[in-house]
1. With over 28 Å from residue 66 (Cα atoms), surrounded by 14 or more Cβ atoms within 10 Å (Cβ to Cβ) and more than 16 Å from the chain's Cα centre (by Cα) as the only criterion, which of 161, 126 stands out?
2. Among the residues of the range 133-173, count how many are part of a loop (DSSP other than H, G, I, E, B), touching a residue at least 60 places away in the same chain (Cβ under 8 Å), farther than 13 Å from residue 14 by Cβ and touching a helix residue (DSSP H, G or I) at 6+ places or on another chain (Cβ under 6 Å).
3. Output the residues belonging to the range 59-86 that are touching a strand residue (DSSP E or B) at 6+ places or on another chain (Cβ under 7 Å) and not in a helix (DSSP H, G or I).
4. Out of everything in the range 70-89 that is surrounded by fewer than 18 Cβ atoms within 10 Å (Cβ to Cβ) and over 15 Å from the mean Cα position of the chain (by Cα), what residue ends up being farthest from residue 40 (Cα to Cα)?
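Each value in this text was obtained by applying a stated rule to the coordinates, not by laboratory testing. Here the structure is a predicted model, which means the values were calculated and not measured. Neighbour counts are summed over all protein chains in view; Cβ atoms, including those assigned to glycine, are modelled from backbone coordinates with ideal geometry.
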C-alpha cells in the first residue's frame, strides 16, 4: 500500500527597494522552482492615479494576503513567491499573520535584495529615463536601502549579478534551511 505524502510548501517573501531587481529575479525564481506561482505585489497596486492612503494600503495588503492564501491552499503549488518592497517588519508580520501557514504546512523563506548605492542609483535612473518611474524614485529607493539591513531577513546583494544568479541565491537560502 502506498501513501501519498504532500510536498511541503515554501512561501518565498522577496523584498527590496524599487529598482533592485525583485520582479526580474523572482520571474527567474518562478521558472527555477518546481510547481511555483509568483505574485508581484505591485500588480495589486497598479492604479492611476497611484495613491498611498490608509484605505489604499489596506486594500492592497488584503488583496495580497487573499491571493497568497489561495495559492498556499492550492494543491497545484509547492512554492509560492511574493515580491514586493516590504521595507518594514510590520508589513511582513501582517502578511504572515493573515496566511494559513500552519494549515498548509508552509515554511517561510524571507529574503531582502539589496545593492550598492551606485548600482541602485544607476538602475533606477535608467528606469526614470525610460519613463518607467517618476523622478523621485531614485531618492526613495536610496532612502529605503538601509532599512533592509535592519529587518532580520536574509540579504542577497544584486550588484553585478544576473537575475538568474540572484534567483539561485534566493533559492539557495531555502536549501541551506535558514
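1. Just a single option satisfies the conditions, and that option is 161.
2. 1
3. Residues satisfying the conditions are 77, 78, 79, 80, 81, 82, 83, 84, 85, 86.
4. If we take residues in the range 70-89 being surrounded by fewer than 18 Cβ atoms within 10 Å (Cβ to Cβ) and over 15 Å from the mean Cα position of the chain (by Cα), then 75 is farthest from residue 40 (Cα to Cα).
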